[in-house]
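Everything on this sheet refers to the single structure shown next.
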Amino acid sequence: MVENTVPSVQQKKEVTDKENTRSQGRYYFPAVDIFDHKNELIVIADVPGVDKENIKIRVEEGILTLEATHSDMSKGEPFYREFEWGNFYRQFKLSDEIDDDNISAEVKNGVLTIHLPKTEKASKLIDVKIT
């Protein structure tokens with residue numbers, strides 16, 4: 001017995017439009033560590049070869065987007081190359097416990113640190129009583 005919900009002959013559909021979620025070019029997912037530290041989450045991302053001016057961090061509809069473009073460090077035409085430069089792109093869904101109006105970030109030596117402060121409601125401690 002064959003299920004009747006799937007046609008026996010599949011028609012090929014040609015794709016004409018391409019989704020543009022970011023600019024063209026090669027992108028890498030930067031290595032990321034996330035730490036829960038007191039009243040904030042700390043995101044540490046490796047973005048080698050990226051200057052402060054080339055980092056874009058934004059929050060839209062509860063999504064934190066990190067986009068960074070590298071600075072071309074080559075001087076002249078490469079004779080031999082083993083390392084390829086690329087841009088960085090990463091997204092994270094934020095919980096309602098993050099105060100996205102007070103997010104801050106800094107970059108030093110190719111390491112980006114993003115501070116995601118928790119709301120007062122999220123950082124409330126519950127006192128446990130012994131009965």
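With the structure loaded, tell me whether F83 is under 21 Å from F29 (Cβ atoms), touching a residue at least 40 places away in the same chain (Cβ under 8 Å) and of a type in the set (F, W, Y) or whether it fails that test.
Values: under 21 Å from F29 (Cβ atoms): yes; touching a residue at least 40 places away in the same chain (Cβ under 8 Å): no; of a type in the set (F, W, Y): yes.
The answer is no for F83.
Within the set of pairs 6+ apart or on separate chains, which have a first residue in segment 29-41 that is more than 15 Å from F88 (Cβ to Cβ), a second that is part of a loop (DSSP other than H, G, I, E, B), and C-beta atoms under 6 Å apart?
N39/S123
Could you tell me which residue of segment 48-93 is surrounded by the fewest Cβ atoms within 10 Å (Cβ to Cβ), considering only residues that are aliphatic (A, V, I, L, M) and in a loop (DSSP other than H, G, I, E, B)?
Step one: of segment 48-93, the residues aliphatic (A, V, I, L, M) are 50, 55, 57, 59, 63-64, 66, 68, 73.
Subsequent filtering for residues that are in a loop (DSSP other than H, G, I, E, B) retains 50, 73.
On the way: V50: 21, M73: 9.
Residue satisfying both the conditions and the ranking: M73.
Could you list all residues from segment 17-38 that are surrounded by 14 or more Cβ atoms within 10 Å (Cβ to Cβ) and at pLDDT 90 or above?
Pass one, segment 17-38, residues surrounded by 14 or more Cβ atoms within 10 Å (Cβ to Cβ): 27-28, 30, 32.
Hits for segment 17-38 are P30, V32.
Report, ordered by the first and then the second residue, all pairs with beta carbons closer than 7 Å, sequence separation of six or more or different chains, a first member in segment 104-124 that is more than 18 Å from D36 (Cβ to Cβ), and a second member that is at pLDDT 90 or above and among the basic types (K, R).
Close Cβ pairs (under 7 Å, with a partner that is at pLDDT 90 or above and among the basic types (K, R)) amount to V107/K52.
Just one of the numbered conditions (1) at pLDDT 90 or above; (2) farther than 13 Å from P30 by Cβ; (3) among the hydroxyl-bearing types (S, T, Y) is not true of T65; which one?
(2)
Scan segment 100-112 for residues that are open to solvent by 40 Å² or more (accessible area, probe 1.4 Å) and assigned to a loop (DSSP other than H, G, I, E, B) and jot them down.
So in segment 100-112, the residues open to solvent by 40 Å² or more (accessible area, probe 1.4 Å) come out as 100-109, 111.
Those that are open to solvent by 40 Å² or more (accessible area, probe 1.4 Å) and assigned to a loop (DSSP other than H, G, I, E, B): I103, N109.
The values are calculated or read from the model by the stated rules, or taken from the named source; none is laboratory data. Just so it is clear, the structure is predicted and the values come from calculations on it, not from any experiment. Virtual Cβ from ideal backbone geometry, glycine too; neighbours counted across all protein chains shown. What goes into the accessible areas is simple: the full protein's heavy atoms, side chains included, and nothing from ligands, DNA or RNA. Shrake-Rupley method; radii C 1.70, N 1.55, O 1.52, S 1.80 Å.
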